[in-house]
Amino acid sequence: MARRLAPRSSVTILGILVSLAACTGPSTGGAGTQPPVVTLHPTPVVTPVMTPVVVPARTPTSDVPGVPTLDVPPGASLAAEGGDPVPGQLGSYTWADGGSDSPWLPGAAVTVATGEPLTITFAADLPVEGWTASRVTAGVGDGIGAVAIGAGQGPIAFAAPGSGSWSVQVNVRFADDLGSATYYWQLSVR
């Protein structure tokens, strides 16, 4: 027995063909039609140019006449009578809105004679309210057993300790509430 297609099946096949024709879009020409040409315009590449910036030296200023404002304590140098100044190592300090804490430092090397007058000068001319100087045997890193070798107000000057190898700590309180700082030198005293 032969079967006949029902009209409903013919309608379904016709719907599928119409859907396929819609997906391919309308024809814009016959055979050999070229696809549309797309032209890309490249974005220019910008290469940054590094220009050196020269920062002018900071001019210290202060509310106290004759007293400059610094971000950190000034450098300190120790000089033996007639010798060249030797910059010290900056240790703990409180200064401006900050500070730093450090252990006892070995210090910058200086050779002096027993009892020789030693003076401390600063890179900035700041008033000193008070100071103390202490020594420990070189190599002692915690300051235990430190012995006072000088103290005072104003200019810092003291005599070199007895012969030996010493780490010397100088604590300075600067006037006008500027702050305080600790400096170190390693003295080889003959």
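Just so you know, all these numbers are worked out from the coordinates, no wet-lab data involved. All figures in this text were calculated on a predicted structure; none of them were measured in a lab. Neighbour counts run over all protein chains shown; Cβ positions are idealised from the backbone, glycine included.
Taking K and R as +1 and D and E as -1, what net charge do the other residues with C-beta under 14 Å from the C-beta of TYR183 add up to?
Numbers: positive: ARG135, ARG173; negative: none.
So the surrounding residues net to +2.
Amide H of ILE149 versus every other amide H placed in the peptide plane: which residues, excluding those fewer than 5 positions away on the same chain, fall under 5 Å?
ALA133, SER134, ARG135
How many nm is it between the label spots at GLU81 and ALA96, if each spot is 7 Å from the Cα in line with the beta carbon?
3.9
Mind listing the long-range amide H neighbours of VAL86? Cut-off is under 5 Å, sequence gap 5 or more, other chains count too, H placed in the peptide plane at 1.01 Å from N.
Here the answer is LEU78, ALA79, since their amide H atoms fall under 5 Å of that of VAL86.
If a/c stays under 1.5 just call it rounded; otherwise compare a/b with b/c (prolate if a/b is bigger, oblate if not). Do that for the stretch 95-186, with a ≥ b ≥ c from the square roots of the Cα gyration tensor eigenvalues.
Numbers: a/c = 2.11, a/b = 1.38, b/c = 1.53.
Because a/c hits 1.5 or more and a/b fails to exceed b/c, the stretch 95-186 counts as oblate.
Any idea what the dipole of the stretch 76-189 comes to, in debye rounded to 20, about its Cα centre with Lys/Arg Cβ at +1 and Asp/Glu Cβ at -1?
Values: 2 positive and 10 negative charges, 70 e Å.
Using only the charged Cβ atoms, the result is roughly 340 debye.
For the pair ALA159 and VAL140, how long in nm is the line joining their label points, each one 7 Å along Cα→Cβ?
Distance between label points: 2.1 nm.
Between THR111 and ASP177, what is the spin-label point distance in nm, taking each point 7 Å from the Cα along the Cα→C-beta axis?
The answer from the label model is 4.7 nm.
Taking the Cα centre of the stretch 84-167 as the origin and placing charges on Cβ (Lys, Arg +1; Asp, Glu -1), which of PRO87, ALA160, PRO103 is farthest toward the positive end of the dipole?
ALA160
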